[in-house]
1. Given q = 0.15 Å⁻¹, what are the Debye log10 I(q)/I(0) values for the stretch B:234-289, with equal point scatterers placed on the Cα positions and solvent ignored?
2. Any chance you could run the full-extension gain for residue A:172 through residue A:118? It's 0.36 nm times the residue separation minus the Cα-Cα distance, nm to one decimal.
3. At 37 °C and 0.692 mPa s, grab the translational diffusion coefficient of the stretch A:125-207 from Stokes-Einstein with a Kirkwood Rh over Cα pairs, rounded to a whole number in µm² per second.
4. Could you please state, rounded to a whole Å, how far the C-alpha centre of the stretch A:65-125 is from the C-alpha centre of the stretch B:105-144?
5. Only Cα pairs under 8 Å and at least 6 apart count here; give the relative contact order of chain B as a rounded whole percent.
6. Name all residues of the stretch B:226-256 having a backbone nitrogen under 14 Å from the label point set 7 Å from the Cα of residue B:164 along its Cα→Cβ direction, giving them as ranges.
7. Taking only DSSP H segments of four or more residues, each worth -39500 (n - 2.57), what value at 222 nm results for the protein assembly as shown once the sum is divided by all its residues, to the nearest 500 deg cm²/dmol?
8. Highest mean first, what order results for B:113-123, B:73-83 on Cβ atoms within 10 Å?
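Where a number appears in this text, it was derived from the coordinates with a stated rule and is not lab data. Nothing here was measured: the structure is a model prediction, and the numbers come from that model. Positions of Cβ are backbone-derived with ideal geometry, glycine not excepted, and every protein chain shown enters the neighbour counts.
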DNA sequence: TGGCAGCCTTAATTTTTCTGACCCTAGATT
DNA sequence: AATCTAGGGTCAGAAAAATTAAGGCTGCCA
């Protein structure tokens, strides 16, 4: 029985984090995604934890896992502890790089909404470094190294704009349209993550036209480019295409617009101290000045509806 | 710019724990000891952390490290967060094994104080499993998997007994002693971690005798055994040798006793819920019934007092 | 019913982390 | 001054963790 060598290692931190994520999210796969590891790693961690505790934390069912009573008891404590750790990390990051702001957003938003505003933002806050990370899903801000999230969702708090959708196309193509029923004669481009867009819009019409399915894009910005090039019609999200409408690269050929229950939302899960860089950037983005001083459009269409340009 | 692969790994937990320990304990070596890793691992972790933050957390000096302002700001948050995590772990352990108590103690205390009480304790609490780990240093209970600590220290709260020291020896050897001055004629055994014992005791005498240095033991219990076998005189700690005195294996040949400012202390850094196994064991140990119904003992003079064999 | 997709598990390989033995520096000791 | 000691830092090799890829099980859907 040696006294020096045996190190009384406590429960491993990484395994506990895996447990907390799996318990909170209700599955190993979801936990793996949040933690940026593979499901196999989560399996191994939970198993190690259960072995060292001598009791199961999850009940394995054919369709995923379920927390045992023991796991249910433990979860709130760990969630609280890891939240505290996340806050400490955030504060440390902020203190180490006080003039840097990390923003997480959708690729489409990054390219079509954020990017056009960056030049003016750089002028407005020249000493602040802005780092933008494109993600498909909003991250858990309490656990991720981002200060702000900018995504579409249905929470009204912090909303920058509602999500208003309507068809858009290149001016040349619009000239060949006489009404919504003509849609079926042209390809309808769609985005993989917003595949319902066309149906949602069409339902709002008294006489829903047939939609000719066109190419699907995994990057909305790419679909926008293709539309500019005349590849067909695309459902435009007002927040994302207003720049293209403003300078005439795209037009909205029909008057019918649908406002979805979700909206473009900017938020933070940490308190933003007044005067902090993240607060400054968030405030500036909420005022959302789209720099382009271009004239409100152009429109070309059969029945040119309300000129599409919003006034700042 | 791939969107799927890049995993936005946050600050690594293990590195943060290393930082917290190093900052709290004031050095990488101390942190390494608490975490049960080598200093080299701490160095690497801190370096990784500082690299990913882009700012130093410690200022390296030739004699150790010093926290930077950044590090000082961050420390309290992390200490709090890891404390919360430690509490969560403790609760989880307790819930998973509700009738198990883990005690950390000195090897000497484990063998000479705790061990004799275990049989009665098992009778008193037959459903509780008691696990004893011998450590040279009291662990940080907020971070270690122990419910109770039992060590000598100078905090009065939770003290079970003062640390009273006085020479002890085998009865046969005591017969050859006529007074403290005879000490110099026999080897004086000592324990490596309590090397000052002899000096402390000798200073209390009006005419301090010379101490003939004898063998040094790294295990006090071994020194006690050797003393029983007649190898010489040893400074007895009352808490640890009362059993041997009670049954006559050892005697205290001199009346002079020194009470040190420290004492035997049982404590926990977590709240012990009433009715929990740890609370039951702690309460029982405080009542400290030493099973042997032997008479209170002895106190010695130069002429060996009690005959050597009482029977339990 | 048969294919398909979701979810967890497992085994073998690769990557990351830790160790162990060494060096370096500067204050304390002789 | 020379030596000792108590920190940290460094690097090759060993141990541990994550990945990749394959596999089982179930329910959904055509």
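1. Treating every Cα as an identical point scatterer, log10 I(q)/I(0) equals -0.64.
2. 16.4 nm
3. Result for D is 196 µm²/s.
4. Here the answer is 45 Å between Cα centres.
5. 19 percent
6. Of the residues in the stretch B:226-256, B:236-243, B:245-246, B:252-256 have backbone N under 14 Å from the label point off residue B:164.
7. Calculated at 222 nm, the ellipticity per residue is -11000 deg cm²/dmol.
8. Most protected by this proxy first, the peptides run B:73-83, B:113-123.
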